[in-house]
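Quick notes on the structure that follows.
The values are calculated or read from the model by the stated rules, or taken from the named source; none is laboratory data. Remember, it's a predicted structure, so these values are computed and weren't measured experimentally. Please note: Cβ atoms are built from the backbone with ideal geometry, for glycine as well, and neighbour counts cover all protein chains shown.
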Amino acid sequence: MSSQAIGVDIVEIGRLSKTVRKWGKGFLKKVYTDRELSYAMSKRFPYQHLAARFAAKEAVFKALGEVEKDFVGWRNVEILNDPSGKPMVLWHGKAEEVRRKRNLKGALVSLSHTENYAVATAMLVFGSNGKKR
């Protein structure tokens, strides 16, 4: 029998903007892949898109169980859009190891933002031998 786990996160866009101004490219390179940065920076309001991706990564980590975040690393969970614009999760490095070990069969993410907040929800589907935690 399969099981599911969900995670949700909300980010204040102004707070993320202040963090980027304070820590600069070091913060961006720690959290985002080059493709995520390229996507966000191509938008009129890039911080909204950066915040939405940050929230999506947090939602994925919450669904996996917080203990995984330090092991997996921010950049190993990549949030991109498919050709139709739908957000998707790509797994790299340690995240791919965790995905295989936990028999993760699918991941769905939904993102939204306003001028001040970004929110994301993640749903993970594990195969019959998968463990949510």
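Overview of values
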quantity: Subset of segment 96-124 (residues that are more than 14 Å from Ala59 (Cα to Cα) and of a type in the set (A, V, I, L, M)); calculated: Val98, Leu104
quantity: Residue pairs meeting the criteria (Cβ under 9 Å; at least 6 apart or on separate chains; first over 11 Å from Ala51 (Cβ atoms), in segment 109-123; second buried (at least 17 other Cβ atoms within 10 Å of the Cβ) and of a type in the set (Asp, Glu)); calculated: Thr121/Asp9; Ala122/Asp9; Ala122/Glu58
quantity: Checking Leu64 against (1) more than 19 Å from Val11 (Cβ to Cβ); (2) modelled with pLDDT under 95; (3) of a type outside the set (Lys, Arg), the condition it does not meet; calculated: (1)
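Here's the yes/no breakdown for (1) buried (at least 23 other Cβ atoms within 10 Å of the Cβ); (2) touching a helix residue (DSSP H, G or I) at 6+ places or on another chain (Cβ under 7 Å):
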residue: Ala59; (1), (2): yes, no
residue: Lys62; (1), (2): no, no
residue: Ile79; (1), (2): yes, yes
residue: Pro83; (1), (2): no, no
residue: Pro87; (1), (2): no, yes
residue: His92; (1), (2): no, yes
residue: Arg100; (1), (2): no, no
